[in-house]
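Note sheet for the following structure.
The values are calculated or read from the model by the stated rules, or taken from the named source; none is laboratory data. For clarity, every value in this text was computed on a predicted model and none was experimentally measured. Cβ: placed from backbone, ideal geometry, glycine included. Neighbour counts: every protein chain shown. Note: accessible area is taken over every heavy atom of the protein model, side chains too, but ligands, DNA and RNA are not part of it. Shrake-Rupley method; radii C 1.70, N 1.55, O 1.52, S 1.80 Å.
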Amino acid sequence: MAKFTCNFISYTLKRTVDITVVIPSVTIPESMGMTLPEGQKPRHQKKDKYPVLYLLHGMGNNHAQWTGYTNVELFAEEKNIAVVMMSAENKSYVNIYGDNFFDFVSEELPDFVKEMFPISDRPEDTFIAGLSMGGFGTLVHGFSHPERFAAMGAFSAAVQLNPYSLAGGAGTEALEPNPDYDPLTLLKKDVAEGKKLPKLYIACGENDFLFEANKAFVEEIKGMGLPVETDFVPGYTHEWRFWNLEVEKFLNWIPRSDAFAGAKRQV
């Protein structure tokens, strides 16, 4: 696995931003000729581009937490998929407090990483997932641009996060969700417009303080006759051990049609 930590100037945010990108690379077993079938080229000799997972962190975290607290590098290496993680502060991945994080995640970040790294630009090779605040961001971005993603995963998602309220306001206005960033409103709009939706995976620990909200959100989705894969697991709270399990399950679940699909690498 090749791991890149980048700091670059964002024209959207008007300042530098940190990202971590992991790219599958030749493993020690491969370099010693132990795992490649005869006649098969090592990955670094292929011209195919990797599928990509945009992986969003939770509140209080940054670009480094996913690789620090989970085995996502190992899982990505085994599954032959690139992973992109960014620092989004506590801005919910939306345009708020004068910071246009929705625009950054939606437009600038994909353009930057696809220009710099061997990452596919095909929607069928593009996935998005996140935990807590990042689960909220996943739902907002996935439902805002369903044509861009093959699948999306929301882990312990803050499905009722209210960015408009976080931005401040007066009276009851501050408690009303901004329809531009409300997952359920966006989903209903997609359905009304007949848009093809990404495959949807929702997971939450049954002891998590967000469990009831996630369960209710799933019921809303099912009530619209839409498919959704769920993984509600007893015994887990809002914790990294659960998210470590779920990111691996998600990577095993997503649909793959790229040149690297189906080949699990020995690390």
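Being open to solvent by 60 Å² or more (accessible area, probe 1.4 Å) and on the phi > 0 side of the Ramachandran plot is true for just one of TYR93, TYR97. Which residue is that?
From the options TYR93, TYR97, the qualifying one is TYR97.
If a residue must be free of Cβ contacts under 8 Å to residues at least 24 places away in the same chain and acidic (Asp, Glu), how many such residues does the stretch 204-221 contain?
Counting residues in the stretch 204-221 that are free of Cβ contacts under 8 Å to residues at least 24 places away in the same chain and acidic (Asp, Glu) gives 2.
Looking at PHE104, PHE112, PHE75, which is the one that is farther than 19 Å from ALA2 by Cβ and either open to solvent by 20 Å² or more (accessible area, probe 1.4 Å) or in a helix (DSSP H, G or I) (or both)?
Only one candidate qualifies: PHE104.
I want to confirm something. Restricting to the stretch 122-152 and keeping residues that are not hydrophobic (A, V, I, L, M, F, W, C) and not in a helix (DSSP H, G or I), which single residue is surrounded by the most Cβ atoms within 10 Å (Cβ to Cβ)?
Here the residue is GLY130.
Give the residue that is nearest to the chain's Cα centre (by Cα), with candidates limited to residues of the stretch 181-193 that are of a type in the set (Asp, Glu) and surrounded by 15 or more Cβ atoms within 10 Å (Cβ to Cβ).
Only one residue tops the list, namely ASP182.
Restricting to the stretch 216-228, name every residue that is loosely packed, with under 15 Cβ neighbours inside 10 Å and either within 20 Å of the chain's Cα centre (by Cα) or part of a helix (DSSP H, G or I) (or both).
ALA216, GLU219, LYS222, GLY223, PRO227
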